[in-house]
Amino acid sequence: MNKIYTTIFLIAFGAYAQAQTIVNRNQDIESMVKSVNKDSLKQYISTMVNFGTRSTLSDIKSKTRGIGAARNWVVAKFNQFAKQSDGRLTAFLDTTTFQSDGKRIDKATLLGNAVAILKGTDTNDKRVYVVSGHLDSRVTDVMNRTSDAPGANDDGSGVAGVIEAARIMSKYKFSATIIFVAVSGEEQSLLGSGFMAAKAKKEGWNIDAMLNNDMIGSNNSSETQIIDNTRLRVFSEGLPSYELDKNAKAIRQFGLENDGKSRQLARYVKEVGERYVDQLEVKLIYRNDRFLRGGDHTPFVENGFPAVRITEMNENFDHQHQDLRTENGIRYGDLQEFMDFEYLRKNTAVNISVLANLAKAPSSPVEVKIDVKNLSNSSYLYWKAPTNGPVKGYYVLMRETSSPVWEKKFFTIATELKVPYSKDNYLFAVQSVGKDGSESLPVVPGIGR
């Protein structure tokens with residue numbers, strides 16, 4: 001069923017308000033979501049599994065087995081899609097050499113990330129959106145470079161979702177740039193994503209959001225075996241790990257412990273993903289990643305970029321980081337037969353809907369402020385137009401301090417709005433709205449005096 005949203009349009013400042021019910025699905029984005037193909041996803045997984053192992057330490061010269069063959073195949077798929085992009089999609093293998101660390105790398109290793117860049121149509125729009133999965137796989141011993149390590153779900157599923165997103169989205173035009181990447185070295189301590197995040201920081205990429213997909217294709221846990229393909233987890237960090245010391249005082253003073261950029265991105269994933277993908281609930285998990293564990297979004301978070309981990313609701317540890325074997329009637333190993341391709345289809349569609357909505361939208365409003373000159377039981381917010389993109393107007397978002405998601409949206413065509421709700425009791429943010437209804441990421445207001 002379509003998700004229905006009620007939006008309150010406030011005219012100018014105040015007194016006159018009109019309630020209107022709208023269905024807020026963009027036709028292009030809906031078409032992209034409907035184009036996600038289970039058979040395509042299954043074919044991608046089958047091909048990756050057939051490389052035998054994709055261990056980061058495995059053969060890079062063979063054309064049929066190992067991480068080298070796998071990453072070359074991903075680049076080739078990206079280049080295939082480039083033919084339908086009118087020259088906007090380019091693909092390459094981004095390589096670097098890691099020396100032995102005495103832990104998870106035992107000799108100098110040439111690591112390669114398979115990258116495709118879908119260039120934005122607005123040359124003045126410097127925003128970049130990154131979507132990733134990790135190509136490498138493993139068995140029980142992370143240093144085992146020779147045994148078969150199918151990696152169907154961990155993380156063939158994430159890479160398949162990235163490839164399918166590139167296939168579909170390369171046919172469309174977006175104001176901002178989208179980068180599709182299958183990183184390597186995740187199992188060797190996030191090497192590929194760390195390399196990319198450090199490069200982005202050094203070169204000044206304007207990464208507005210990063211979506212890391214790691215295990216998005218299994219529908220049951222190893223303990224319960226209860227099938228659940230209707231929920232998807234999004235992990236996000238509430239406090240900024242980057243320069244937290246510089247921001248801690250303001251975060252405490254204004255009660256923004258739950259409003260870091262990655263947390264705002266997670267809320268956006270939930271709202272937009274549930275808008276476009278039926279029979280799926282996006283669950284917000286309030287930590288950067290699973291308990292004492294990490295993923296490829298973490299280096300981006302640590303470099304100051306908004307980034308989240310998208311992952312299945314329940315992990316099945318019988319089919320993760322396991323040697324292929326059968327013991328006591330239990331079949332171990334990350335095999336394709338244990339995947340749910342309808343679930344993978346829905347989770348891939350979430351990524352596409354979020355990326356498309358972001359890349360089509362104008363950039364976020366700037367210099368967003370909430371007035372504190374006068375004591376009042378109402379709240380007055382003001383801002384400036386975004387740097388890029390035409391706007392239809394703006395949403396002022398509002399929620400109670402105890403709410404995990406935004407509860408009300410107030411639309412205005414002005415760059416200011418006064419709402420009859422006290423800033424003592426509510427939290428606010430402002431986002432730009434494009435001509436087609438696509439929304440930017442929200443911006444929490446600073447103090448205006």
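So that you can scan it fast, the table gives a plain yes or no per residue for (1) surrounded by fewer than 12 Cβ atoms within 10 Å (Cβ to Cβ); (2) at pLDDT 95 or above; (3) not in a loop (DSSP other than H, G, I, E, B):
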| residue | (1), (2), (3) |
| --- | --- |
| LYS61 | yes, yes, no |
| GLY68 | no, yes, yes |
| VAL74 | no, yes, yes |
| PHE78 | no, yes, yes |
| SER85 | no, yes, no |
| THR90 | no, yes, yes |
| THR95 | no, yes, yes |
| LYS103 | yes, no, no |
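Within the stretch 157-193, track down each residue that is touching a Lys or Arg at 6+ places or on another chain (Cβ under 8 Å) and either assigned to a loop (DSSP other than H, G, I, E, B) or more than 12 Å from PHE78 (Cβ to Cβ) (or both). Hits for the stretch 157-193 are SER170, LYS173, PHE174, SER175, ALA176, THR177, SER184, GLU187, GLN188, SER189.
Note on the stretch 326-376: residues that are open to solvent by 60 Å² or more (accessible area, probe 1.4 Å), more than 30 Å from SER46 (Cβ to Cβ) and at pLDDT 95 or above total 2.
Restricting LYS435, LYS384, LYS392 to those that are surrounded by 14 or more Cβ atoms within 10 Å (Cβ to Cβ) and either over 22 Å from ARG25 (Cβ atoms) or at pLDDT 95 or above (or both) reduces the list to LYS392.
State which residue is farthest from the chain's Cα centre (by Cα) when the search covers only the stretch 227-251 and only residues that are surrounded by fewer than 14 Cβ atoms within 10 Å (Cβ to Cβ) and without any contact (Cβ under 8 Å) to a residue 40 or more places away in the chain. So, considering only residues that are surrounded by fewer than 14 Cβ atoms within 10 Å (Cβ to Cβ) and without any contact (Cβ under 8 Å) to a residue 40 or more places away in the chain, the one farthest from the chain's Cα centre (by Cα) is LYS249. For the stretch 110-145, residues that are crowded, with 21+ Cβ neighbours inside 10 Å and either outside any loop (DSSP other than H, G, I, E, B) or touching a strand residue (DSSP E or B) at 6+ places or on another chain (Cβ under 7 Å) (or both) total 19. Selection of first residues in the stretch 358-377 that are within 14 Å of GLN264 (Cβ to Cβ) and of second residues that are among the aromatic types (Phe, Trp, Tyr) and at pLDDT 95 or above, restricted to Cβ pairs under 6 Å at least 6 apart or on distinct chains, gives the following pairs, ordered by first then second residue: LEU358/TYR129; PRO365/TRP383; VAL368/TRP383.
Residues that are assigned to a loop (DSSP other than H, G, I, E, B), open to solvent by 70 Å² or more (accessible area, probe 1.4 Å) and without any contact (Cβ under 8 Å) to a residue 60 or more places away in the chain do occur in the stretch 252-273, at least one of them. You will find that of ASN220, ASN153, the residue that is in a loop (DSSP other than H, G, I, E, B), crowded, with 17+ Cβ neighbours inside 10 Å and out of contact with any Ser or Thr (no Cβ under 7 Å at 6 or more places or on another chain) is ASN220 and no other.
The values are calculated or read from the model by the stated rules, or taken from the named source; none is laboratory data. These numbers were taken from a predicted model, which means no experiment stands behind them. Virtual Cβ from ideal backbone geometry, glycine too; neighbours counted across all protein chains shown. SASA here: full protein model, heavy atoms, side chains in, ligands and nucleic acids out. Shrake-Rupley method; radii C 1.70, N 1.55, O 1.52, S 1.80 Å.
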